[in-house]
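The block underneath contains the structure these notes are about, expressed in structure tokens.
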Amino acid sequence: MEQVGYVDAPANLDAIFSALADPTRRAILTRLADGGASVREIAAPFEMSQPAVSKHLKVLERAGLIERGVDEQRRPAKLKAETMGAAVEWLAEFEAFWSVSFDQLDHVLLQLKKTKEKEADHE
């Protein structure tokens, strides 16, 4: 079914957001922002097994958020920032909406404050 009027989003956008929905995977991405790391290095701060961390890495890899290399016996993971950029670009399309909504909220809050100040002056 063709979606008329909808902006074309990257094909893997659902996989990206699904991967980012898990706090452990977001923590792993934060760790990888400092540089590549092995499963053992990534697993160190978590209370989970290396196989459990490997499962998270596979989800991130399928989403295109990380890539895994081969370095002798290790398979270090590293961040692929350009894939996350697709999600950021998609979210940026809503920036105008957020700005207007926040401006409207600011206006309402300012009006409430003025109303309370007037009520306090009349007491």
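The values are calculated or read from the model by the stated rules, or taken from the named source; none is laboratory data. Predicted model only: the values in this text are computed from it and were never measured. Here the Cβ positions follow ideal geometry from the backbone for every residue, glycine too, while neighbour counts run over all protein chains shown.
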Please verify whether the stretch 41-62 includes one or more residues that are free of Cβ contacts under 8 Å to residues at least 40 places away in the same chain, exposed (fewer than 10 other Cβ atoms within 10 Å of the Cβ), acidic (Asp, Glu) and over 20 Å from Ser18 (Cβ atoms). yes
May I ask you to list the residues in the stretch 63-85 that are touching a Leu at 6+ places or on another chain (Cβ under 9 Å), at pLDDT below 90 and either within 16 Å of Ala21 (Cβ to Cβ) or exposed (fewer than 12 other Cβ atoms within 10 Å of the Cβ) (or both)? Thr83, Met84
What about Glu47, is it assigned to a loop (DSSP other than H, G, I, E, B) and not assigned by TED's automatic domain parsing to the domain that holds Asp22? no
Among the residues of the stretch 29-41, is any within 17 Å of Ala87 (Cα to Cα) and not in a loop (DSSP other than H, G, I, E, B)? yes
Output for Cβ contacts, cut-off 7 Å, separation at least six or different chains, first residue at pLDDT 80 or above and part of a loop (DSSP other than H, G, I, E, B) in the stretch 88-107, second surrounded by 10 or more Cβ atoms within 10 Å (Cβ to Cβ) and aliphatic (A, V, I, L, M), reads none
